[in-house]
Amino acid sequence: MRIPTPLTATVIAAAALLAVPGTAAAAPAPSPLRPVASLAAERLATADLVAAAKWGTTSPIDDPAREQQVLDSVAAQAEQLGADPDEARRVFRDQIEANKIVQRGLFARWTAHPEQAPTTKPDLNVVRQTINRINTDLVRTLAGTTAERTTPACAPELAVAVVEVHHEKHPDLLHTGALVRSLVSVCRD
């Protein structure tokens, strides 16, 4: 059994609190980290397209060359913005790992239920253009939220942001777990 991370435990507690009738009206203002969580969810949604493009091909889920390109690109972008390139690499490693969680989950689902497998293949180059745009937006957002991400309130604020995004987008369990995984390195210790 996996022990929940502090972020996971906080997300679960926040979700439970917001699910209690009557607490929605008393909910706090939107989290300042909502843009981070929202962009992570948007990036994670591309995992479905990547999985569909790779399904039934010899393209592996793990693509170390592409992953390194992404990490190098976001580090360079962070440096240009005066942000920490190593921090960008850490956050985007989590983004990549979360994306692979979704891809593996979808592959398992499609293997068990072939009737649910995609019947068309998206153009992976087009999907990667979308991912690159989201990456750029996420690097900018991370750079712009450095102050919020360095306070003790970061984990609870991020948990609220995840709950807000979850409420807005209604992801399934696979995508919800992957979203939490994608944000593990957002708060600085």
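A few comments on the model shown:
- Of all residues making up the stretch 172-189, the number that are open to solvent by less than 40 Å² (accessible area, probe 1.4 Å) and part of a loop (DSSP other than H, G, I, E, B): 4
- Filter result for ALA143 (small (Gly, Ala, Ser), at pLDDT below 95 and closer than 26 Å to LEU71 by Cα): no
- Yes/no for ALA45 being farther than 19 Å from CYS187 by Cα, in a helix (DSSP H, G or I) and open to solvent by 50 Å² or more (accessible area, probe 1.4 Å): yes
- When VAL11, VAL50, VAL20 are screened for being modelled with pLDDT of 95 or more and either more than 20 Å from the chain's Cα centre (by Cα) or not hydroxyl-bearing (Ser, Thr, Tyr) (or both), only VAL50 passes.
- In a residue-by-residue description of the stretch 120-127, the property of being at pLDDT below 95 and either of a type in the set (Val, Ile, Thr) or under 20 Å from ALA143 (Cβ atoms) (or both) applies to at least one position.
- A search for C-beta distances below 8 Å between a residue of the stretch 106-121 that is of a type in the set (Phe, Trp, Tyr) and any residue that is exposed (fewer than 14 other Cβ atoms within 10 Å of the Cβ), counting only pairs 6+ apart in sequence or on different chains, returns TRP110/GLN116.
- Screening SER31 with (1) under 17 Å from HIS167 (Cβ atoms); (2) modelled with pLDDT of 95 or more gives one miss only, at (2).
The values are calculated or read from the model by the stated rules, or taken from the named source; none is laboratory data. Everything numeric in this text was worked out from a predicted model, so none of it was measured. Cβ coordinates were reconstructed from backbone atoms using ideal geometry, including for glycine residues, and neighbour counts include every protein chain displayed. Remember, those area values only see protein heavy atoms, side chains included, never the ligands or the DNA or RNA. Shrake-Rupley method; radii C 1.70, N 1.55, O 1.52, S 1.80 Å.
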